[in-house]
There are 2 protein chains.
Amino acid sequence: MAARAGIVVTGTEVLTGRVVDRNGPWLAERLREAGVDVGRTVVVGDRREDLAAALRFQLTDHDLVLTTGGLGPTADDLTAEVVAEVQGRPSAVDADLEARITAIVERLYRQRGWQVDDDVVRRGVRKQALVPEGAVTLGPVGTAPGLVVPGPGAPVVVLPGPPSELQGMWDEALASDPVRAALAGAATLLQSTVRIWGPPEARLVGVLDAHEAAVGPLEDAGLEITTCVRDGELEIVTRYAPEAAPAYDGLVAALHADFGDLLYADDGRTVDDVVADLLLARDGTIATAESCTAGLLAGRLADRPGSSSYLLGGFVTYANEAKTAEVGVPADLIASVGAVSREVAEAMASGARARLGTTVGVGITGVAGPGGGTPDKPVGLVHVAVDVDGVLTHRELRLGGDRALIRRRTVVAALHLVRQALGGA
Amino acid sequence: MAARAGIVVTGTEVLTGRVVDRNGPWLAERLREAGVDVGRTVVVGDRREDLAAALRFQLTDHDLVLTTGGLGPTADDLTAEVVAEVQGRPSAVDADLEARITAIVERLYRQRGWQVDDDVVRRGVRKQALVPEGAVTLGPVGTAPGLVVPGPGAPVVVLPGPPSELQGMWDEALASDPVRAALAGAATLLQSTVRIWGPPEARLVGVLDAHEAAVGPLEDAGLEITTCVRDGELEIVTRYAPEAAPAYDGLVAALHADFGDLLYADDGRTVDDVVADLLLARDGTIATAESCTAGLLAGRLADRPGSSSYLLGGFVTYANEAKTAEVGVPADLIASVGAVSREVAEAMASGARARLGTTVGVGITGVAGPGGGTPDKPVGLVHVAVDVDGVLTHRELRLGGDRALIRRRTVVAALHLVRQALGGA
């Protein structure tokens, strides 16, 4: 049985959604790689009682508990203090640590040219240098050190909120004695992902049912399957111990047999990965012309390090005049068929390709809403066109959801049209 | 004292970060508006024991518990069943509900042209029509109905995962008898936000300390303050009952006195809002030319409904040739000073403005990494330029963090440069 860990994410800004938590998922993924199973994450605001309750809850049935955030110099940063209290360990200032943090803070303030009252800074540093009895300190990477606080029960790993600081002290946390002791029983747990473009989730249920009828319950075979529908894609994630690999291979074969070309990746790659690989394989280049998505497709293509090998550039042709000025869509074409039309999408794709001399051009035009819809061209109608070496393909989308969802789903659909036009899976 | 609610978000895909949860924050915000305080959100994977433990934990000290997700037709959708078990209420199929869901599903499949085994569909529908004894059903908006399941203790509101479905049944949930009874004691709680661009958090600590020295502890005055540093901005969110409004006004006055022009919004507006308002106020238009951000600024400007009033378009000039071809940056300028330079950023800003005839042009060029850095021009060096009616302003950024963070912080910095160039606060 795998070791189990629980995560506590602190911060009212996370609880209320002003900040999206990236630490919980990052830790869950690192822990899984280390053979540790994460069953629950608790998000708490900056309140002492809620944080203490969350820690006690997670400590009840876990081998290890991790916290993120709340290590700053301000009064609402309570984590180290509350963890010490819950673990029953009095804290004291570590003079050596205090001196190290002071040096870091002074250098930082000098670099930025910040003027701050010395006494305020000194109090903040002293707060960050408080260490519970018997705890191991980590870092600091930024100004806040992390902690590993042993318990009577499970140890608590206390990590800072800024993702780069948290990630920078992860290896040290994992190598600390209390964590190594807690995870002594951890076994390897594999995770594999299959991605399918298009079908309803119920069809997957049918396929899984049929496969189980043939080979027996997948859970008994050691496969833990979760499925997720997102932006028109079906994602099937399976966790399993190495000895269940043959059962997993059987499942993947069954999915291939049923879904055929819709199953576009069984090796964990995303559609972004597949498009990048297809472009690199043929030494191709790509240019975009976007209206309703207004740069989101180009921005997503550039998310990948090294995308400059194939992404030459793009055009945000939001206004009709921009469609004409930037990629040469004839004004009378727009006047006759409308900006949201197959013809204009195709002219945008070909225009982007011609302007930058790329292998591939993509054109996107649609009604993202909430305004601007007509009975003929309602909110959610989007035309996507792809021009590969002068050969055009086109798809008309009818999307539901709000403005943000329509734009995001359009980007995903455009990536799939590029994939198909380049002959991918 | 305000009523308290706890949220349970279900889904392994959320726990592991493959999907970003938007429901927890949305519910927390709606509950706050209804005078209900949310202290904790628990995220659990699709496992029976973890979900039951999370429900029991949230039920211990809350007036109301809400769950999201896990109402689909597949086997890993467990929420309704586990809530019924925890609340001690046996479930039975509601024949009327079953007929309604069947009609919805059949229409959906017909529209999409999906072919799915009838028996699989029937079983899924029957599962979704299971209602715990004494529960109120909500919707359905999509195919999954919501539930309000009374307890012996607090009631549990069971909502579907797709945000549009959850949001579509929120008013009905709030109006249901068990929820109204649970929230009978709810009092109004206001929330106001101040945003400051640039200073370190420690400077805020000094300002808050000085203000407390003058007027007494803010907590005693009924102000609950949380601060958050994000992408170079300092966000100060204060929650308070209406009678504490004078104390809040005093705090805002103190912040204005100390931070001056750095405090760019005390009315909850974001920098996106401020830039949009400034453009609308002068009937201005804007065009972008982006290299390292590759469309993210234009995409963000277009996030706002109605942005077509001022966003004419933009250029993604990722390759050097694109900088020349799209916005006329002289190739010999790039050759002499390099693509990442003040001169090229300015030429991009002016070129974008000239091509589309806008009031404002923005140029962004930088090294987002992880590769491409040199001792002279390291990863994180970004030049941003803004051209307003032919008047150029420029800022050189030296950003830390990974590729995604550098690109995101660049977009925020560019928005602030536009704000300042347009004379905003």
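Taking the criterion of being outside any loop (DSSP other than H, G, I, E, B), out of contact with any strand residue (DSSP E or B) (no Cβ under 6 Å at 6 or more places or on another chain) and more than 30 Å from A:D77 (Cβ to Cβ), the residues of region A:160-203 that qualify are A:A202, A:R203.
Provide a single number: the residues in region A:336-369 that are touching a residue at least 60 places away in the same chain (Cβ under 8 Å) and surrounded by 21 or more Cβ atoms within 10 Å (Cβ to Cβ). So the answer is 16. Any chance region B:95-116 includes a residue that's modelled with pLDDT of 90 or more and either within 12 Å of chain A (Cβ to nearest Cβ) or under 20 Å from the mean Cα position of the chain (by Cα) (or both)? The answer is no, given that none of the residues of region B:95-116 is modelled with pLDDT of 90 or more and either within 12 Å of chain A (Cβ to nearest Cβ) or under 20 Å from the mean Cα position of the chain (by Cα) (or both). Within region B:58-74, is there a residue that is at positive phi, in contact (Cβ under 8 Å) with a residue 60 or more places away in the chain and facing chain A (nearest Cβ under 8 Å)? Taking every residue of region B:58-74 in turn, none turns out to be at positive phi, in contact (Cβ under 8 Å) with a residue 60 or more places away in the chain and facing chain A (nearest Cβ under 8 Å).
Here A:V382 meets each of (1) part of a helix (DSSP H, G or I); (2) modelled with pLDDT of 95 or more with one exception, condition (1).
The lone criterion from (1) surrounded by fewer than 24 Cβ atoms within 10 Å (Cβ to Cβ); (2) small (G, A, S); (3) more than 7 Å from chain B (Cβ to nearest Cβ) left unmet by A:A289 is number (1).
Inclusion of A:A184 among residues that are among the aliphatic types (A, V, I, L, M), surrounded by fewer than 17 Cβ atoms within 10 Å (Cβ to Cβ) and facing chain B (nearest Cβ under 10 Å) is not warranted. For A:T374, indicate whether it is more than 14 Å from every other protein chain (Cβ to nearest Cβ), more than 23 Å from A:D283 (Cα to Cα) and of a type in the set (S, T, N, Q). For A:T374, the condition - more than 14 Å from every other protein chain (Cβ to nearest Cβ), more than 23 Å from A:D283 (Cα to Cα) and of a type in the set (S, T, N, Q) - is met. Report, by residue number, each residue of region A:404-423 that is surrounded by fewer than 19 Cβ atoms within 10 Å (Cβ to Cβ) and more than 19 Å from the chain's Cα centre (by Cα). Passing the criteria: A:Q420, A:G423. For region B:226-233, does any single residue satisfy the condition of being more than 24 Å from the chain's Cα centre (by Cα) and not assigned by TED's automatic domain parsing to the domain that holds B:P370? No - not one qualifying residue is present in region B:226-233.
For region B:318-349, the candidate set comprises residues that are within 14 Å of chain A (Cβ to nearest Cβ) and not aliphatic (A, V, I, L, M); within that set, the residue that is nearest to the chain's Cα centre (by Cα) is B:Y318. Restricting the search to region B:157-191, which residues are modelled with pLDDT under 90, more than 22 Å from B:G39 (Cα to Cα) and not hydroxyl-bearing (S, T, Y)? B:P162, the sole residue that qualifies.
Can you name every residue in region A:213-239 that is within 29 Å of A:L397 (Cβ to Cβ) and either aromatic (F, W, Y) or assigned to a loop (DSSP other than H, G, I, E, B) (or both)? Once the filter is applied, which keeps residues that are within 29 Å of A:L397 (Cβ to Cβ) and either aromatic (F, W, Y) or assigned to a loop (DSSP other than H, G, I, E, B) (or both), region A:213-239 yields A:D231, A:G232. Considering the conditions (1) surrounded by fewer than 20 Cβ atoms within 10 Å (Cβ to Cβ); (2) in contact with a His (Cβ under 8 Å, 6 or more places away or on another chain), A:L263 is excluded by exactly one of them, (1). Annotation: B:G134 fulfils all but one of (1) in a loop (DSSP other than H, G, I, E, B); (2) farther than 24 Å from B:T10 by Cα; (3) of a type outside the set (D, E); the unmet one is (2). A:A144 fulfils the conditions (1) part of a helix (DSSP H, G or I); (2) not assigned by TED's automatic domain parsing to the domain that holds A:L234 except for a single criterion, (1).
With a requirement of 1 or more residues that are in the same structural domain as A:S164 (by TED's automatic domain parsing), touching a strand residue (DSSP E or B) at 6+ places or on another chain (Cβ under 6 Å) and under 28 Å from A:L223 (Cβ atoms), the strands (runs of 3 or more DSSP E) lying completely within region A:1-108 that satisfy it span A:3-10, A:36-44, A:64-68. Quick test of your reading of the structure: B:D77 fulfils all but one of (1) in contact with a Gly (Cβ under 6 Å, 6 or more places away or on another chain); (2) farther than 21 Å from A:P199 by Cβ; (3) surrounded by 22 or more Cβ atoms within 10 Å (Cβ to Cβ). Name the failing condition by number. All conditions are met except number (2). Apart from one condition, A:A154 fits all of (1) within 22 Å of A:D37 (Cβ to Cβ); (2) outside the structural domain of A:D76 (by TED's automatic domain parsing); (3) in a loop (DSSP other than H, G, I, E, B); the exception is (2).
Scanning region A:307-317 for residues that are part of a loop (DSSP other than H, G, I, E, B) and more than 7 Å from chain B (Cβ to nearest Cβ) turns up just one, A:Y310. Against the numbered list (1) part of a strand (DSSP E or B); (2) within 9 Å of chain A (Cβ to nearest Cβ), B:L208 comes up short only at (1).
Summed over region A:404-425, the residues that are among the small types (G, A, S) and part of a helix (DSSP H, G or I) give a count of 4.
How do the pairs read when you match residues in region A:281-306 that are assigned by TED's automatic domain parsing to the domain that holds A:S350 with residues anywhere that are of a type in the set (D, E, K, R) and surrounded by fewer than 24 Cβ atoms within 10 Å (Cβ to Cβ), using Cβ under 8 Å and keeping only pairs 6 or more apart or on different chains? Filtered contacts from region A:281-306: A:A287/A:R355; A:L296/A:R408; A:R300/A:D272; A:L301/A:D272; A:D303/A:D272; A:D303/B:R403; A:R304/A:D272; A:P305/B:R403. Taking each residue of region A:18-39 that is closer than 20 Å to B:E49 by Cβ and looking for partners that are surrounded by fewer than 17 Cβ atoms within 10 Å (Cβ to Cβ) and modelled with pLDDT under 90 with beta-carbon atoms closer than 8 Å, six or more apart or interchain, yields A:R32/A:Q191; A:G35/A:A187; A:G35/A:T188.
Applying the criterion of being among the β-branched types (V, I, T) and closer than 20 Å to B:D118 by Cβ to the residues of region A:189-225, the residue that is nearest to the chain's Cα centre (by Cα) is A:V205. Would you call A:R419 in contact with a Phe, Trp or Tyr (Cβ under 8 Å, 6 or more places away or on another chain) and either hydrophobic (A, V, I, L, M, F, W, C) or closer than 25 Å to A:S309 by Cα (or both)? In short, yes. Of all the residues in region B:238-255, those that are surrounded by 15 or more Cβ atoms within 10 Å (Cβ to Cβ) and either in contact with a helix residue (DSSP H, G or I) (Cβ under 7 Å, 6 or more places away or on another chain) or not charged (D, E, K, R) (or both) number 11.
Within region B:29-44, being surrounded by fewer than 24 Cβ atoms within 10 Å (Cβ to Cβ) and within 8 Å of another protein chain (Cβ to nearest Cβ) holds for B:E29, B:R32, B:G39. Of all positions in region A:350-368, at least one carries a residue that is part of a helix (DSSP H, G or I) and more than 14 Å from chain B (Cβ to nearest Cβ).
The values are calculated or read from the model by the stated rules, or taken from the named source; none is laboratory data. Quantities reported herein were computed from a predicted structural model and do not represent experimental measurements. Counting neighbours? That spans all protein chains shown, and the Cβs are built from the backbone with ideal geometry, glycine included.
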